1. Please list, ordered by first then second residue, the pairs with beta carbon atoms under 6 Å, 6 or more apart or interchain, first in the range 71-95 and under 18 Å from W56 (Cβ atoms) and of a type in the set (K, R), second modelled with pLDDT of 95 or more and not in a loop (DSSP other than H, G, I, E, B).
2. Only residues that are of a type in the set (D, E) and within 19 Å of L111 (Cβ to Cβ): list them for the range 63-97, please.
3. How do the pairs read when you match residues in the range 133-159 that are within 27 Å of M118 (Cβ to Cβ) with residues anywhere that are assigned to a strand (DSSP E or B) and modelled with pLDDT of 90 or more, using Cβ under 6 Å and keeping only pairs 6 or more apart or on different chains?
Amino acid sequence: MNEENDNYLCVTYPKMFVNRNSPMTETCMCWGFECGNGWFNIINQLCQNIQHHIDWSIQNNEQDLKYNEENPDKLKTVRPICNQVTVDQVKEKFGTLRFYYTGGDDYIRGLASMAESMSGVTCEECGNLASTNYPEPGGWISTICDPCKEKRERAYQNYKENTLNN
């Protein structure tokens with residue numbers, strides 16, 4: 001992912017990407033977002049939904065506690081707070097997004113699973129509709145659209161020709 005998108009996510013979701021510049025002995029986020037820009041919108045929406053859910057759980061918990069304090073004779077169940085998510089790694093693996101994190105709850109696990117599934121039909125390079133490509137043995141599995149696949153193949157052919165000619 002390019003530096004602009006990387007910075008946007010880290011600035012917009014500072015609680016989630018608190019470890020972005022930590023050393024590799026502490027987190028894999030030190031390598032940044034190890035995927036193409038085409039998945040930026042999926043990751044951004046995922047982070048937005050996760051942080052909203054966490055903030056909502058805190059707000060509801062505070063309201064329940066306040067209600068119980070003001071109405072000791074009509075106590076209601078206090079809704080739990082969802083633990084803050086901190087992201088450990090974001091990368092491509094076997095052609096789809098992998099979003100590794102600490103914290104959260106079952107709802108957030110579902111959000112992450114949905115985002116990972118969406119990446120399987122979204123071009124990692126440009127964000128358009130795509131399909132997962134299964135190459136010849138020894139090649140990389142990737143999810144890219146036909147135009148990006150052709151562009152990638154042309155760049156590889158040019159690289160091979162330039163390397164052999166030099």
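The values are calculated or read from the model by the stated rules, or taken from the named source; none is laboratory data. All values reported here derive from a predicted model rather than from experimental measurement. Don't worry about glycine lacking a Cβ; one is built from the backbone with ideal geometry, like all the others, and counts go over all protein chains shown.
1. The qualifying pairs are R79/N60; R79/N61; R79/D64.
2. Across the range 63-97, the qualifying residues are D88, E92.
3. Taking only residues 6 or more apart or on different chains, the pairs are N133/S142.
Rundown of residues vs (1) under 30 Å from K15 (Cβ atoms); (2) modelled with pLDDT of 95 or more; (3) in contact with a Leu (Cβ under 9 Å, 6 or more places away or on another chain), yes/no style:
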| residue | (1), (2), (3) |
| --- | --- |
| N68 | yes, yes, yes |
| T86 | yes, yes, no |
| V90 | yes, yes, yes |
| S113 | yes, yes, no |
| C123 | yes, yes, yes |
| G127 | yes, yes, no |
| E136 | no, no, no |
| Q157 | no, no, no |
| K160 | no, no, no |
